1. Leaving ligands, DNA and RNA out of it, work out the accessible area of Leu263 with a 1.4 Å probe and give it in Å² to the nearest 10.
2. Per residue of segment 195-201, what does 6.51 cos²θ - 1.76 cosθ + 1.60 with θ = phi - 60° give for ³J(HN,Hα)? Whole Hz please, x for Gly and Pro, Karplus curve as stated.
3. With labels modelled as points extended 7 Å from the Cα through the Cβ direction, what inter-label distance (nm, one decimal) is found for Glu281 paired with Lys260?
4. Per residue, what accessible area does the chain have, given a 1.4 Å probe and all protein chains present, in Å²?
5. With a 1.4 Å probe and all protein chains kept in place, how do Ser162, Ser52, Ser22 rank by accessible area, largest first?
6. Give the long-range amide H neighbours of Tyr167: residues separated by 5 or more places, or on another chain, with amide H under 5 Å away, using H modelled in the peptide plane at 1.01 Å from N.
7. Give me a comma-separated list of calculated 3J(HN,Hα) values for segment 145-162, in order, Karplus coefficients 6.51, -1.76, 1.60 applied at θ = phi - 60°, integers in Hz, x for any Gly or Pro.
8. Under 5 Å between amide hydrogens, which residues at least 5 positions from Ser215 or on another chain qualify, with H placed 1.01 Å from N in the peptide plane?
Amino acid sequence: KYVSTAGIATDVVEYDSGIDISETIKKAWEATYVVVALATSSSEGFDRSTLSFGKHADNLVSRLAKSRQDIIVVTVSPGAVVLPWSEEVGAILSMFLPGQEAGNGLADVLFGVVNPSARLPLTFPNKDNEVNFTRQQYPGVNLKSTYTEGMLVGYRWYDYHSVEPKYPFGHGLSYTEFVYSSSATQNQVKVTITNAGNIKGAEVVQAYIDKSILSTASRIRPVKELVRWKRVLLAPGEKRTVVFTFGTDDAKIWCVQRKKWHLPKSHFKVMIGASSRDIREEVYVDIPLE
């Protein structure tokens with residue numbers, strides 16, 4: 001088979017199933033580049049029993065990585081996956097469920113025609129059930145699940161328990177680099193983003209608010225909650241300022257006794273970052289009380 005993309009010379013692409021790992025390693029040694037494609041799936045009414053790609057797939061990647069460290073792993077999955085070999089490979093490209101144009105899109109990203117700019121909409125764990133769900137929580141007992149985890153789900157759980165995830169919520173790499181600077185006035189934060197590289201790319205500026213000061217004995221509030229974000233497309237050397245204005249809807253909480261939303265405090269810390277764990281700036285805002 002032959003492939004070509006904009007400005008890229010045609011070359012030979014050889015497919016190998018990976019069933020015979022020893023044979024796959026021999027072919028990998030002869031190749032200029034090695035791309036390993038892994039996939040897993042689920043469906044309505046059928047959940048995955050594990051977040052891994054399976055023992056054979058993990059063994060294939062690990063053994064290939066021992067023979068050469070520059071392999072590229074492309075994953076297709078309906079959600080988070082476990083990647084025990086992540087530190088052994090050259091790059092990982094998560095496509096989730098890409099659709100019928102997956103091949104063309106993948107080629108454009110791998111050949112550098114398109115700069116990847118997506119961000120993880122969830123957290124990638126280090127292992128299965130890292131958040132220690134009980135059977136009562138998931139999958140439930142007698143068709144009943146109890147949500148005793150409260151608000152500490154996803155990246156909020158990792159922050160509260162000081163656990164470093166494999167890849168955090170909002171994470172995503174680019175072929176360029178971005179520089180942040182910010183300032184705050186009253187309830188407004190201005191964030192200036194500069195493309196410090198030589199390739200056009202998009203950054204997703206994320207604003208998290210710290211509501212932990214509103215925690216009570218019966219209700220723990222997360223130290224970070226995503227409340228604003230903005231995707232910014234920048235040419236090399238270009239800079240742009242994003243303005244986030246915060247209101248009561250960003251910080252108010254539900255009062256069970258009063259049966260209404262309210263804002264007991266007005267002074268909050270806002271964290272500006274490229275992911276839930278890559279915080280670049282911290283500022284404070286004053287949200288007008290209702």
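The values are calculated or read from the model by the stated rules, or taken from the named source; none is laboratory data. Only a predicted model underlies this, so the values are computations on that prediction, with no experimental measurement involved. Every residue, glycine among them, receives a Cβ derived from its backbone with ideal geometry; neighbour counts consider all protein chains shown. In case anyone asks, the SASA skips ligands and DNA or RNA and just uses the protein heavy atoms, side chains included. Shrake-Rupley method; radii C 1.70, N 1.55, O 1.52, S 1.80 Å.
1. Approximately 20 Å² for this residue.
2. 7, 8, x, 10, 10, 5, x
3. 3.6
4. 59
5. Ser162, Ser22, Ser52
6. The list, which skips near neighbours in sequence, is Phe124.
7. Result, rounded to whole Hz: 10, 10, 9, 7, 6, x, 8, 8, 10, x, 5, 5, 5, 4, 5, 5, 8, 6.
8. Arg221
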